[in-house]
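Following: one structure in structure tokens, then a few remarks.
The values are calculated or read from the model by the stated rules, or taken from the named source; none is laboratory data. Note that the structure is a prediction, hence the values are computed from the model and not measured. As a convention, Cβ positions derive from the backbone with ideal geometry for all residues, glycine included, and neighbour counts pool all protein chains shown.
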Amino acid sequence: MKVLIRWVAVAVIVLMQNIGPALGEEPPNADEEIKAAWASVFEGHINDGITRAAKLLSQIDPAEEAYWRASSTLVEIFQELENDKLADQILGVMVQKKIAETQPAHRAWMQYYLGRDLVRLGRREQGEQFLRALTLGDERQVYFPAQRFAAIFMSKIEFDRGNIDASAIWMRRAVIGVMNELMPMTFASSSSNGPPEFPGLMGVWVWITVAVWWSLSSPDHS
């Protein structure tokens with residue numbers, strides 16, 4: 001299975017680098033295709049999900065919003081599979097194509113992805129620099145979604161180090177961000193977007209925060 005996934009991933013990277021939308025081809029419904037890709041993964045049809053997202057990338061222009069969502073979906077899939085090397089390769093292509101440069105929200109998500117990726121690949125100091133810069137260091141800002149995910153990940157890093165107080169501070173900041181997310185008068189609507197694979201999904205922050213905190217507090221945590 002791992003070998004098959006690796007070959008599919010290689011094909012994905014080749015598609016991202018070399019194939020553009022065909023002339024005269026009707027554009028696909030990106031949201032439906034991304035949802036279908038995730039549904040395949042959740043049902044255990046991992047290669048189908050990866051292939052579907054890769055096919056979507058081959059049908060849309062890198063300048064389109066949908067290209068960002070499809071490529072970030074692939075990053076999330078590979079990181080869910082804990083295959084950080086493949087996620088790193090996808091991120092490398094995304095950086096090369098500069099698909100996150102035009103939108104501040106995309107740049108923030110790329111910063112989070114790169115920081116998380118570096119930490120998981122063993123380059124913790126570099127990864128933390130990305131994550132801390134995203135949350136503005138000691139200010140621990142959590143105004144928008146990528147910052148809250150960074151705060152949750154920093155909480156996990158500190159917990160793994162045994163720094164329970166620091167971990168709690170980061171998690172508390174993430175919870176504050178979640179609560180403010182649920183109060184539309186507090187922040188502008190532009191900050192209420194969910195992760196790239198679930199655009200506009202409200203309430204996901206509560207589930208994520210509770211789930212992550214439970215996993216950190218579990219006696220089985222290693």
For residues that are of a type in the set (Asp, Glu) and within 17 Å of residue 172 (Cβ to Cβ), scanning just the stretch 128-157, find the one that is surrounded by the most Cβ atoms within 10 Å (Cβ to Cβ). 139
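Only one residue in 72, 58 is crowded, with 23+ Cβ neighbours inside 10 Å and either of a type in the set (Lys, Arg) or assigned by TED's automatic domain parsing to the domain that holds residue 30 (or both), so which one is that?
Values: 58 fails: crowded, with 23+ Cβ neighbours inside 10 Å.
Answer to the check: 72.
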Scan (1) under 30 Å from residue 45 (Cβ atoms); (2) of a type outside the set (A, V, I, L, M, F, W, C); (3) in contact with a Lys or Arg (Cβ under 7 Å, 6 or more places away or on another chain); (4) modelled with pLDDT of 85 or more for the single condition residue 84 breaks and write down its number. (4)
Return the residue satisfying two criteria in turn: it lies in the stretch 15-35 and is closer than 18 Å to residue 65 by Cα and of a type in the set (Gly, Ala, Ser), and of such residues it is modelled with the highest pLDDT. 30
Quick check on the stretch 39-65: of everything there that is more than 17 Å from residue 29 (Cβ to Cβ) and of a type in the set (D, E, K, R), which residue is modelled with the highest pLDDT? 43
Is there a residue being at pLDDT below 85 and surrounded by 15 or more Cβ atoms within 10 Å (Cβ to Cβ) anywhere in the stretch 98-107? yes
